[in-house]
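Notes follow once the structure below has been shown.
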Amino acid sequence: MEIEIKKMETDAEFKGKAHVHWATWHAAYTGLIDQAYLDKLTPEKCEEIAYRWPDNILIAKDGERILGFLGFGDEDADTGVIFALYVLPEFWGTGVGQKLMEAGLTKLSAYPKLTLWVLKDNARAIRFYEKNGFRADGEEKALPALGASEIRMILNREADK
């Protein structure tokens, strides 16, 4: 497997990102969020989202197949944010997510602090983020539409100096 991390650009990449979004939510979040919400998250809805928000998306490709994606941006002048990181379930634990994370951390290298929100009950994702230096800071928010809660995790680069 030869993983390429790149900006999402082509129609096939948008559609591949949409498939990853749909497949990953259904695999990772079944039992963690309200099933009715998941049932409404269709492949078509994910494709609409991919085309609506194309900026700051990195994709992981093996040949022409999209294996995962990461979305990033800024929260404020000093804080970058990772707002999405998803990898097809059959590639969990293969290093694809780590390559995306490293690329995202590079894109956000100018920020002394990074944040992300993760489902409170998503132990697998929390362990992954902790492995990458993120720590829960005690902030939590309810997501009534999902029937779940998220916790905020912070990576404070200045604390590491």
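Read the figures in this text as sums done on the coordinates, not as results from a lab. These numbers were taken from a predicted model, which means no experiment stands behind them. Glycine gets a Cβ as well: all are built from the backbone with ideal geometry, and neighbour counts include every protein chain shown.
In table form, for the structure just shown:
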item	result
Charge dipole magnitude, Cβ of K and R +1, D and E -1 - region 25-159, Cα centre, debye nearest 20	340 debye
Separation in nanometres of the label points that stand 7 Å from Cα toward Cβ, at Ile49 and Glu130	2.6 nm
Label-point separation, His26 to Gln98 (7 Å along Cα→Cβ), nm	2.9 nm
Calculated [θ] (222 nm, deg cm²/dmol) that DSSP helices of n ≥ 4 give over the chain, each run adding -39,500 (n - 2.57)	-10500 deg cm²/dmol
For region 81-124, size of Cβ-based charge dipole, Lys and Arg +1, Asp and Glu -1, in debye	160 debye
Highest average packing first - 131-141, 110-120, Cβ atoms within 10 Å	110-120, 131-141
More than 25 angstrom apart: percent of Cα pairs within region 3-160	28 percent
From the C-alpha gyration tensor of region 24-112, square roots of 5λ in Å	23, 17, 13
Neighbour-count ranking [beta-carbon atoms within 10 angstrom, fewest first] of Ser109, Ser149	Ser109, Ser149
Of the DSSP H helices in the chain, those whose Cα atoms cover at least 18 Å axially and whose Kyte score averages -1.0 or more	11-28
Range of Cα positions in region 82-134 per principal axis (Å), largest first	33, 23, 17
Entries of Lys15/Lys99; Lys107/Lys131; Lys17/Lys113; Lys45/Lys113 with Cα pairs more than 24 Å apart	Lys17/Lys113; Lys45/Lys113
Qualifying aspartates and glutamates (Cα of each under 17 Å from Cα of Lys6; at least 8 residues distant if same chain)	Asp55, Asp62, Glu64, Glu102
Fewest-first ranking of Asp121, Asp11, using other Cβ atoms within 10 Å as the exposure measure	Asp11, Asp121
Residues with amide H under 5 Å from that of Ile66, placed H, sequence gap 5 or more	none
Average Cα contact separation per residue, the chain, under 8 Å, 6 or more apart, as relative contact order %	21 percent
